[in-house]
Amino acid sequence: MAKEQQPEVLKVLDVAKTQFYHFTAVVISGMGFFTDSYDLFCISLVTKLLGRIYYHVEGSAKPGSLPPNVAAAVNGVALCGTLAGQLFFGWLGDKLGRKGAYGITLMLMVGCSIGSGLSFGSSPTSVIATLCFFRFWLGFGIGGDYPLSATIMSEYANKRTRGAFIASVFAMQGFGILAGGMVAIVVSSIFRALYHADPYSVDPIGSTVPQADYVWRIILMFGAIPAALTFYSRMKMPETPRYTALVAKDQTKACQDMAKVLNVEIKEKQEVAQPQNNRSLKFALFSKEFLRRHGLHLLGTASTWFLLDIAYYSQNLFQKDIFSAVGWLPSASSMSALDELYKIARAQTLIALCGTVPGYWVTVFLIDHIGRFAIQLIGFFFMTVFMFVLAIPYHHWTRPENNIGFIVIYGLTFFFANFGPNSTTFVIPAEIFPARFRSTCHGISAAAGKAGAIIGAFGFLYASQNQDQTKTDAGYPPGIGMRNSLIVLGVISILGFFFTFLVPESKGKSLEEMSRENEDEGDQVQPNRVEVTV
């Protein structure tokens with residue numbers, strides 16, 4: 001089998017010292033994930049407020065809430081847009097280059113975050129329709145950031161700390177969650193102080209002050225600010241040296257771009273071109289050769305991300321039960337609209353701070369020491385354990401004296417999701433595929449995950465409804481119940497554990513070694529030699 005020498009510029013990149021630019025790239029690349037998690041965190045708060053503002057029912061004992069189909073549209077349209085964006089921009093990133101598609105995603109996120117807050121009209125139909133339009137395109141831009149940010153970070157990083165830097169980009173989601181909570185708390189506190197309102201049970205109409213319509217708009221638009229601040233820096237980023245050298249076949253430009261951003265001086269020595277034999281293959285995506293080399297890898301990355309997101313997104317279903325059980329969240333009728341917003345934001349921020357965010361950063365610190373494979377197995381294993389611990393004695397946990405134990409175990413499921421497959425499923429697809437397919441394959445894997453998220457967020461919203469029709473949420477048919485839903489999620493986590501064995505370990509290896517980039521690549525010239533001065 002023909003095998004080509006790895007371009008020297010990429011060897012230099014693999015052993016380059018960690019420098020300031022690597023940290024800058026984490027912030028620039030991570031802003032998309034900041035916006036992603038900010039939006040996903042805030043939309044649950046916004047939908048409750050929209051229900052009170054636009055779907056109030058005169059004479060009802062409970063505050064207004066979005067009908068099931070409207071709630072599904074507001075929440076689901078962004079996930080659908082994200083799935084489409086992951087596929088489209090993943091493909092575009094391999095065709096135009098990572099940089100060529102990168103600015104488009106950020107402009108979509110900034111513009112549509114602002115547009116979501118400016119949703120126009122006074123009727124519920126017009127406001128929801130406009131909001132859904134902008135949220136789809138917001139999701140489309142967010143989706144593009146998944147394959148592009150992961151690929152850019154992987155192609156700039158050295159092989160010793162590559163996992164930590166890619167995981168750091170994804171861990172920016174944690175800051176987005178905290179920022180979403182803080183913004184919601186601050187904005188609701190200001191409006192509560194300025195516009196007093198009685199609880200719904202005292203004054204159903206007055207409990208939702210007219211100014212509450214500004215609150216949800218401000219919260220949604222604020223998410224655009226951090227992303228907008230990085231727009232100039234993102235536009236100034238050069239194309240990754242690996243794309244330039246391996247896909248665009250311009251090693252001279254790759255050396256120049258590398259010298260711009262890393263603290264190395266590269267002097268190039270051109271050798272006489274030595275054409276390779278035409279018999280070597282340049283296989284296409286989904287060709288027999290691709291499937292032979294990477295088919296099981298793609299199945300592994302896509303299936304584990306799909307299974308993980310079913311479990312991860314469905315976990316949000318339990319939050320309202322937990323908050324009510326421990327007294328963090330009184331009944332909706334005992335609060336005004338802004339009181340409810342404030343208390344839910346406070347409770348969700350605490351859960352995120354204690355369970356969600358630490359898991360991201362434990363992954364960052366350990367991923368290059370114990371490896372991606374081990375972390376993913378550990379995460380799926382403990383997610384399975386804690387799902388069954390919650391499910392089997394479910395009625396035990398619903399008793400008031402056991403509330404603290406329920407919260408601890410619930411928080412641990414989030415911790416091991418993030419110190420586990422939620423981080424590694426993002427990292428691995430950016431490391432194991434050839435450069436010319438890397439962005440596309442990451443996009444396919446991420447889109448499979450988002451399909452799982454749609455099932456988790458909405459399929460289980462219906463499935464988890466009480467089996468007794470009289471105890472279901474308004475507008476929902478009976479389901480299989482929370483206990484049975486938890487058992488199903490435990491089984492899904494077991495499947496994720498076993499599908500992980502299709503995924504190779506990439507710790508400490510170069511991208512070209514993992515992807516077998518230099519085997520059977522087609523007509524090439526011998527790579528240029530470079531001299532490096534640090």
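The values are calculated or read from the model by the stated rules, or taken from the named source; none is laboratory data. As the structure is a computational prediction, the values presented were derived from the model and not from experiment. Glycine also receives a Cβ, built like all others from the backbone with ideal geometry; neighbour counts cover every protein chain displayed. Surface areas here come from the heavy atoms of the whole protein model, side chains and all, with no ligands, DNA or RNA. Shrake-Rupley method; radii C 1.70, N 1.55, O 1.52, S 1.80 Å.
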Could you say whether any residue in the stretch 171-186 is touching a Leu at 6+ places or on another chain (Cβ under 9 Å), in contact (Cβ under 8 Å) with a residue 24 or more places away in the chain and aromatic (Phe, Trp, Tyr)?
no
Exercise. Answer yes or no as to whether Phe170 is of a type in the set (Phe, Trp, Tyr), open to solvent by 10 Å² or more (accessible area, probe 1.4 Å) and assigned to a helix (DSSP H, G or I).
Key: no
Taking Ser423, is it more than 30 Å from Thr151 (Cα to Cα) and crowded, with 21+ Cβ neighbours inside 10 Å? no
Only one of Ser126, Ser154 is of a type outside the set (Lys, Arg) and under 30 Å from Met258 (Cα atoms), namely Ser154
Residue set Ile407, Ile367, Ile378; condition surrounded by 17 or more Cβ atoms within 10 Å (Cβ to Cβ), at pLDDT below 90 and hydrophobic (A, V, I, L, M, F, W, C); output residue Ile407
**Report entry** Meets criteria (more than 19 Å from the chain's Cα centre (by Cα) and open to solvent by less than 10 Å² (accessible area, probe 1.4 Å)) for Ile428
**Finding:** no
Taking the stretch 384-404 and keeping residues open to solvent by less than 30 Å² (accessible area, probe 1.4 Å) and at pLDDT below 95 leaves Met387, Leu390, Ala391, Asn402, Asn403
Exactly one of Gly139, Gly117, Gly100 is small (Gly, Ala, Ser) and surrounded by 24 or more Cβ atoms within 10 Å (Cβ to Cβ), and that one is Gly139
Across the stretch 220-248, the tally of residues that are out of contact with any helix residue (DSSP H, G or I) (no Cβ under 7 Å at 6 or more places or on another chain), within 29 Å of Ala435 (Cα to Cα) and part of a helix (DSSP H, G or I) stands at 2
Within the stretch 127-134, can one find any residue that is of a type in the set (S, T, N, Q), touching a residue at least 40 places away in the same chain (Cβ under 8 Å) and either part of a helix (DSSP H, G or I) or open to solvent by 10 Å² or more (accessible area, probe 1.4 Å) (or both)?
-> no
Is it the case that Ala25 is part of a helix (DSSP H, G or I), within 30 Å of Ser201 (Cβ to Cβ) and touching a residue at least 40 places away in the same chain (Cβ under 8 Å)? no
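One line per residue, one yes/no per condition, for (1) part of a helix (DSSP H, G or I); (2) open to solvent by 60 Å² or more (accessible area, probe 1.4 Å); (3) at pLDDT 80 or above; (4) touching a helix residue (DSSP H, G or I) at 6+ places or on another chain (Cβ under 7 Å):
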site: Phe437; (1), (2), (3), (4): yes, no, yes, yes
site: Ala447; (1), (2), (3), (4): yes, no, yes, yes
site: Ala451; (1), (2), (3), (4): yes, no, yes, yes
site: Ile454; (1), (2), (3), (4): yes, no, yes, yes
site: Tyr462; (1), (2), (3), (4): yes, yes, no, no
site: Arg483; (1), (2), (3), (4): yes, yes, yes, yes
site: Val491; (1), (2), (3), (4): yes, yes, yes, no
site: Leu495; (1), (2), (3), (4): yes, yes, yes, yes
Could you go through the stretch 40-57 and let me know if any residue there is over 30 Å from Gly206 (Cβ atoms) and assigned to a helix (DSSP H, G or I). yes
